[in-house]
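Working notes, structure below.
Rule-based calculations on the coordinates, nothing more; no lab input. Quick caveat, the model's predicted, so the values are computed rather than measured.
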Amino acid sequence: MTVAPHGAVLRPLRFVATGSVDSGKSTIIGRLLHDSKSIFEDQLAAVERSSREAGLDHVNLALLTHALRAEREQGITIDVAYRYFATPRRKFIIADCPGHTQYTRNMVTGASTASLALILTDVLEGVVEQTRRHAVLASLLGIRELVLCVNKMDLAGYRQDRFEEIRQEFEAFALGLDAQELGALGPGAIRVTAIPVSALSGDHVVDPSERMPWCDTPPLLRFLEDIETEAAGGGGSGPRRFPVQNVIRAGGGGEPWYAGSVAGGVFRPGDEVVALPSGRTTRIESVETATGPIEEAAVPRAVTLRLRDSLEIARGDMIADVERPPAVSRQFDATICWLSDHGELAVGRSYWLKHTTNRVRARVVALYHHIDVNTLAPDSDTTALTFNQIGLVRLEADEPLYLDRYAENRGTGAFILIDESSNDTVAAGMVETRHGEDAA
């Protein structure tokens, strides 16, 4: 890992927290919120009361994270919830994701904007299928920092040999992800840190544990405070990308202004840009916000652009870098995570494809293989993708799209597939390669 200089104030860390069933994820998040003093007194009092009513001899900190009634009743996490807490050193945003297999789609949602994945596992269970699945998904979604949090060390007597056994197994699996260059990351890109904790007793969560003097990694919170990660979303230092969400005309018919969110690079007055699909170039006159013009806008700022020339630009078009424009292509290969438990992805089927501010019809023209999340082996004999399966496909859209590889830019390299009949989101995808048109 890369550690910031001591005393430096780092940018907020957005991370996804997930884990196998009953690994103690909710308790570890509750512990972080409690020990960082990020909960109100009435919240803590309510949790203490609920713990007593349940006959517990300790405060069940997991209750701090179960916001939905069904979650409280079942004692599980169902929906993605965003938790916020801060220390004097840093601010944190946690995407609290469910560990159950049927909620893998929620893991994809939570991880899509994260720069670190905190993967919980039970020391008695070790590395299980969900542990591997979460590592695969994190890799596919471009997360370089994987933190394996081995929880419930108290149940294993705080034994170093058991922790090392789990750490080595997970590191070997992550090495396999690197070797296969799976998803958005190249070889050597994934960094693994394993940290032993006991969330229930608080061992090695905030302060070093006296019960584990052999541990050479910092406590979890200190690790999260110190680590330097790349900004999630990609594209921050790359070529300019601005998908147009809306065209605004002053007074209903005046000069057009183009509203949207920056998906790549930095936009400043005077910058030369190209409008796609027309290919016409112009310069930025000003970058506007609700409170007036600003000097520059970077990912993921929502702004309105004024251009020096009046161009034919509509919703779904893109204002981009002149020197490094995106590929304009109708056909591309993509890694797909199939999220629907109703139906399957098969060659020949059509879906609505939502990419940036664009929505077009697209057809599956090839299914190369699906990935076994336990062995990482591609199965080229597959004829369809079913619930929670991950595979490589080729898609063909009815209209050209403005694409970057997901490895280069998450914003313009990600998309979702929507069922034409039910309007349900059935898949999340990451662009791998582009074909035809201007697909350099």
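Which value, in Å³ per residue, describes the convex hull spanned by the Cα atoms of segment 241-321? Mind dumping the intermediate values first?
Values: hull volume 6.4 nm³, N = 81.
Here the figure is 78 Å³ per residue.
Suppose we keep just the alpha-carbon trace of segment 327-435; what are its Rg and Dmax in angstrom?
My reading of the Cα-based Rg and Dmax gives 12.8, 37 Å.
Taking K25 as the anchor, which lysines have their alpha carbon closer than 30 Å to its alpha carbon, excluding any fewer than eight residues away along the same chain?
Result set, ordered by chain and number: K37, K91, K152.
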